[in-house]
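Chemist: Can you read through this structure? Questions will come right after.
The values are calculated or read from the model by the stated rules, or taken from the named source; none is laboratory data. Note that the structure is predicted; figures quoted are calculated from it, not measured. Positions of Cβ are generated from backbone atoms using ideal geometry, with glycine treated the same way; all protein chains shown enter the neighbour counts.
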Amino acid sequence: MKKLLLILLALTFAVSAAACAGDPGKKPAQSSGAVTSGGGTSEDDPYKNIPADLRFDGEDFVVGMQSGTQYEFYIEEDSEDAISSALYKRNQTVENRFGITIKPQYSAEGTDLYTHTNELIRNIMSGEKAYDLISAKVVASGGLVLNNCLYDWTEMKYNDGLRGSAWIDSINDELQIQDHIFTAVGQTCISALRWTYAIMFNRTQADNRQITENVFNAIDSGDWTIDYFNSLVAGIYEDIDDVNGRSEYDFYGFNAEALTNLDTFQFAFDIPMIVKDKDEILSLAFGTEKTVDAIDKVIRLYWNNPGTFICDDTAVGTEGRNFVEGRSIFAIMTLDTCFTGLRDMNDHYAVLPFPKYDADQKEYLTGMMDNYSIMGIPTDAANPDMSSAVAEALNIEAERIMYPVWYDESLSTKFQRDEYTVKYLDLLIAGRKADMGTLFQESLGRIAMLFRDTVRTKQNGFQSSWDGNKDALNASLKEIIDTYIKNTGANS
C-alpha cells in the first residue's frame with residue numbers, strides 16, 4: 001500500500017463547508033536507511049528513474065495554479081513557522097537538484113468553479129507554453145481531459161507509471177481508464193488529505209452520558225453502521241437555551257450542514273458512481289436499490305431524527321461552532337478543523353470514521369470534499385521531460401520533508417489529547433475513496449451531487465430521477481471514454 005503524507009491545513013468551518021464538495025494504507029514508517037543525494041534511501045531510492053546528473057540549469061519551472069492552493073507548491077521565503085519552512089525547503093531541494101526556479105502563475109479565483117480550469121484550457125489550446133505543470137480542482141478538471149490539454153502520466157519519461165510512493169494510488173486508480181491517466185494526485189496534493197471528511201466526537205459530553213465505551217466498541221467490532229448511528233443520535237437532545245422549541249443553541253446528538261458533507265455518505269457506504277470491470281470497461285453503477293435505501297437512511301438522520309440539528313444554508317459554520325462550544329456529541333467536519341476551532345476546544349474530542357452502510361461492509365470508508373487538487377502536464381509544455389522529472393521530485397520531497405513536520409511535530413501532538421484518535425484517524429485515512437464520476441461530474445449531469453441533491457429535498461425520488469436520465473448519462477459516459485482513449489495519442 002502507498003504511504004500517506006498525513007498533512008492537514010487550517011481553514012475556517014465556514015470555508016470548509018461552503019467550498020465544493022486516498023490512499024488505503026498505513027502511516028508511513030520512518031526509514032532506517034541512509035539518505036541518498038536524491039532524497040531516497042539506499043534500500044529504496046525514489047529517484048531511481050531519474051538520472052543523478054539530470055539538470056535543467058537556468059530554467060523557470062512555472063506551475064499554473066490558484067492562489068488558494070499555493071500551500072501545495074510555493075512559498076516565497078523561509079519562515080519560522082515549521083510547516084511553511086518545510087514547504088520552502090522542499091522547493092529548495094528540488095530547485096537545487098535540477099538547477100531550476102519554481103514560479104507560480106496564478107489564475108483568477110473567480111466565483112465560478114470553472115474560472116481557473118477554463119483559463120488553463122484557453123492557454124494550453126492556444127499553444128502559449130505558459131505552464132510546465134498545472135494544478136486544478138478535481139471536480140472542475142474534466143474539461144482539461146476532454147479538450148486534450150494534458151499528457152498521459154503513464155507515458156511520461158520519469159514517473160514510472162505513477163507506481164512510486166510519491167503518488168496516491170487509491171485515488172489515481174479511480175481516475176484512469178485502461179492504464180491511461182491525465183489527472184493525477186501526488187503527495188504534493190495536500191488538499192486531498194486536508195479535505196478528508198470525518199465524524200468528530202465530543203468525548204467529554206459522551207463520557208457524561210456514559211456512551212463513549214459503546215461507541216468505541218461498535219467501531220472496533222465493525223458494528224458502527226448508519227442504523228446504529230441513527231438510533232444513538234435519536235436519544236440525545238436537551239432544550240438548554242430556555243427558548244420554547246428547538247433551536248441551534250440546544251444540545252443535540254448530531255450537528256451538520258446539508259451541502260458538501262452529504263456527498264461523503266455515498267463513499268462511506270461503498271456506493272460507486274462509476275465502476276470498471278476486469279477489462280477496464282466503465283459503466284454507471286449508481287442506480288441501485290442500495291443507493292435508494294442509503295438515501296432513506298440519510299434522510300432519516302438529517303430530517304427525521306429528534307437528536308439532529310442541521311444548520312440552514314445561510315448559516316453554514318453553525319454546526320462547527322455548536323460542536324466546539326460543547327452543544328453536540330457528533331459533527332461532520334473536514335480534518336483541517338483540527339487545527340482551527342477544535343484546537344482550542346475545551347471539551348475532549350476524538351476523530352472517528354464514518355459509519356458503514358451495514359455490518360456486512362468490510363471496511364470503514366470516507367470521501368473527500370471534491371475540490372482537492374490534481375496535477376497535470378500540459379500538452380504544450382515547453383519541455384515535457386522537465387515537467388515529468390520535477391513533478392516526480394516535488395512529490396518525493398513532499399513525502400520526505402513535509403511529512404515529518406506535519407505528522408510528528410503537528411498532527412501527533414494535537415491528538416495526544418485522546419489515545420483513540422490516532423488509531424481511528426489511521427482507520428479513516430485508510431478508507432478514503434475516489435470516483436471517476438467526480439472528475440467528469442459536469443459532463444454527467446452533476447452525478448457527483450445527485451445523492452446530496454436528493455437528500456436535500458427531504459423526499460426520496462432518486463430512482464425515478466435516475467431512470468429518467470440514465471440513458472443520457474450512459475451516452476455521455478461513452479463519449480467520455482471514447483475521448484479519453486483517443487487522447488492517449490497526444491504524447492506521441
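Chemist: Picking from 150, 113, which residue would you name as being assigned by TED's automatic domain parsing to the domain that holds residue 398, in contact with a Lys or Arg (Cβ under 8 Å, 6 or more places away or on another chain) and closer than 21 Å to residue 191 by Cβ?
Modeler: Values: 150 fails: in contact with a Lys or Arg (Cβ under 8 Å, 6 or more places away or on another chain).
That would be 113, the only listed residue that is assigned by TED's automatic domain parsing to the domain that holds residue 398, in contact with a Lys or Arg (Cβ under 8 Å, 6 or more places away or on another chain) and closer than 21 Å to residue 191 by Cβ.
Chemist: Kindly indicate which of 82, 136 is at pLDDT 95 or above and under 22 Å from residue 195 (Cα atoms). Before the answer, list the steps.
Modeler: Details: 82 fails: at pLDDT 95 or above.
Among 82, 136, only 136 is at pLDDT 95 or above and under 22 Å from residue 195 (Cα atoms).
Chemist: If you don't mind, another one. Tell me the residue from 213, 155 that is of a type outside the set (Phe, Trp, Tyr), surrounded by fewer than 19 Cβ atoms within 10 Å (Cβ to Cβ) and in contact with a helix residue (DSSP H, G or I) (Cβ under 6 Å, 6 or more places away or on another chain), please.
Modeler: On the way: 213 fails: in contact with a helix residue (DSSP H, G or I) (Cβ under 6 Å, 6 or more places away or on another chain).
Selected residue: 155, the only one of 213, 155 that is of a type outside the set (Phe, Trp, Tyr), surrounded by fewer than 19 Cβ atoms within 10 Å (Cβ to Cβ) and in contact with a helix residue (DSSP H, G or I) (Cβ under 6 Å, 6 or more places away or on another chain).
Chemist: With the condition being within 21 Å of residue 373 (Cα to Cα), I'd like the helices (runs of 4 or more DSSP H) fully within the stretch 412-487 carrying at least 2 qualifying residues.
Modeler: Numbers: elements: 421-430, 436-439, 450-456, 462-486.
Counting at least 2 such residues, we get 421-430, 436-439, 462-486.
Chemist: Looking at this structure, is residue 450 modelled with pLDDT under 90, of a type outside the set (Val, Ile, Thr) and crowded, with 22+ Cβ neighbours inside 10 Å?
Modeler: Working: modelled with pLDDT under 90: no; of a type outside the set (Val, Ile, Thr): yes; crowded, with 22+ Cβ neighbours inside 10 Å: yes.
For residue 450, the condition - modelled with pLDDT under 90, of a type outside the set (Val, Ile, Thr) and crowded, with 22+ Cβ neighbours inside 10 Å - is not met.
Chemist: Within the set of pairs 6+ apart or on separate chains, which have a first residue in the stretch 207-231 that is under 17 Å from residue 328 (Cβ atoms), a second that is surrounded by 13 or more Cβ atoms within 10 Å (Cβ to Cβ) and among the small types (Gly, Ala, Ser), and C-beta atoms under 7 Å apart?
Modeler: What qualifies is 212/206; 215/206.
Chemist: In addition: Is it true that some residue in the stretch 304-316 is of a type in the set (Ser, Thr, Tyr), under 20 Å from residue 212 (Cβ atoms) and modelled with pLDDT under 95?
Modeler: No; the residues of the stretch 304-316 include none that is of a type in the set (Ser, Thr, Tyr), under 20 Å from residue 212 (Cβ atoms) and modelled with pLDDT under 95.
Chemist: Just one of 179, 220 is of a type in the set (Asp, Glu) and in contact with a helix residue (DSSP H, G or I) (Cβ under 7 Å, 6 or more places away or on another chain); which is it? Write out each step before concluding.
Modeler: On the way: 220 fails: in contact with a helix residue (DSSP H, G or I) (Cβ under 7 Å, 6 or more places away or on another chain).
Result of the check over 179, 220: 179.
Chemist: Something else: Any chance the stretch 325-340 includes a residue that's in contact with a Cys (Cβ under 7 Å, 6 or more places away or on another chain) and modelled with pLDDT under 95? Break it down into steps so the answer makes sense when it comes.
Modeler: Going through the stretch 325-340, the residues in contact with a Cys (Cβ under 7 Å, 6 or more places away or on another chain) turn out to be none.
No: zero hits.
Chemist: Then there is this: How about the stretch 245-291: which of its residues are within 15 Å of residue 354 (Cα to Cα), of a type outside the set (D, E, K, R), at pLDDT 95 or above and in a helix (DSSP H, G or I)?
Modeler: Correct list: 262, 264, 265, 266, 267, 268.
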